[in-house]
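Structure first, then comments.
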Amino acid sequence: MINNDVLRSIRYMLDLGDSKLVEIVHLADPAFALEKDDVRPFLLKEDEPGHVACSDGVLAHFLDGLILYLRGRDESVPSRPVEKRISNNVVLKKLRVAFELKDVDMHDIFAAAGFPVSKPELSALFRQPGHKNFRQCGDQLLRNFLKGLTLRVRGA
């Protein structure tokens, strides 16, 4: 899925302003170069003038910051390095951690979006890429997860 769409969906879901979005990114890395004025072009549609593609680095910092924003920082554990490459599976994993979702919650979210997923399908999404049962998370699957999570967070 396009990084801009993921950013836009999460921003809507949590009702975040531009400055709050920048604050969340800086939770992951205070030295990361992102200002409030840089956010607006990421949120524009692809056909709108001034649209800028959201890089994997920006989305990775945002997702890591979102985990810290929603769950807090554990000082006893060293911080993990920020992902270099963001895939749909990574987005799904980071959202699962940020919102502290269990398997039952994940199934409920997919069902709420009208896209039920079986237990083996769900567990395959969270396996390591080299595992024989690993499955790539498709755009439709991630889009439906974001839709279901939005319904859960914002209410029906």
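Of all the criteria given as (1) more than 21 Å from P81 (Cβ to Cβ); (2) at pLDDT below 90, the one not satisfied by D5 is (2).
Of all residue pairs spaced 6 or more apart or on separate chains, those with beta-carbon atoms under 6 Å, a first member in the range 30-57 that is surrounded by fewer than 11 Cβ atoms within 10 Å (Cβ to Cβ) and a second member that is part of a helix (DSSP H, G or I) and of a type outside the set (K, R) are G50/P41.
Within the range 1-28, restricting attention to residues that are open to solvent by less than 50 Å² (accessible area, probe 1.4 Å) and assigned to a loop (DSSP other than H, G, I, E, B), the residue that is nearest to L141 (Cα to Cα) is M1.
For every residue, the table says whether it meets (1) at pLDDT below 95; (2) in a helix (DSSP H, G or I).
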position	(1), (2)
G65	yes, yes
R73	yes, no
P81	yes, no
G130	yes, no
N133	yes, no
N144	no, yes
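Of all the residues in the range 36-60, those that are assigned to a helix (DSSP H, G or I) and among the acidic types (D, E) number 3.
Do the conditions hold for V153, that is, is it closer than 23 Å to N4 by Cα, among the β-branched types (V, I, T) and not in a loop (DSSP other than H, G, I, E, B)? Considered against the rule, which asks whether it is closer than 23 Å to N4 by Cα, among the β-branched types (V, I, T) and not in a loop (DSSP other than H, G, I, E, B), V153 comes out as yes.
Tell me yes or no: at least one residue of the range 128-135 is touching a helix residue (DSSP H, G or I) at 6+ places or on another chain (Cβ under 8 Å), open to solvent by 20 Å² or more (accessible area, probe 1.4 Å) and closer than 18 Å to V6 by Cβ. Checking the range 128-135: not a single residue is touching a helix residue (DSSP H, G or I) at 6+ places or on another chain (Cβ under 8 Å), open to solvent by 20 Å² or more (accessible area, probe 1.4 Å) and closer than 18 Å to V6 by Cβ. Screening G114, G72 for residues that are out of contact with any helix residue (DSSP H, G or I) (no Cβ under 8 Å at 6 or more places or on another chain) and on the phi > 0 side of the Ramachandran plot leaves exactly one candidate, G72. Figure legend. Inter-residue proximity from the range 115-144: first residues under 17 Å from V104 (Cα atoms), second residues loosely packed, with under 12 Cβ neighbours inside 10 Å, beta-carbon distance below 7 Å, spacing 6+ or different chains. Indicated pairs: A124/N133.
The values are calculated or read from the model by the stated rules, or taken from the named source; none is laboratory data. Just so we're clear, the structure is a prediction, and the values are computed from it rather than from any experiment. Glycine also receives a Cβ, built like all others from the backbone with ideal geometry; neighbour counts cover every protein chain displayed. Just so you know, the surface numbers come from the protein's heavy atoms only, side chains and all, with ligands and any DNA or RNA stripped out. Shrake-Rupley method; radii C 1.70, N 1.55, O 1.52, S 1.80 Å.
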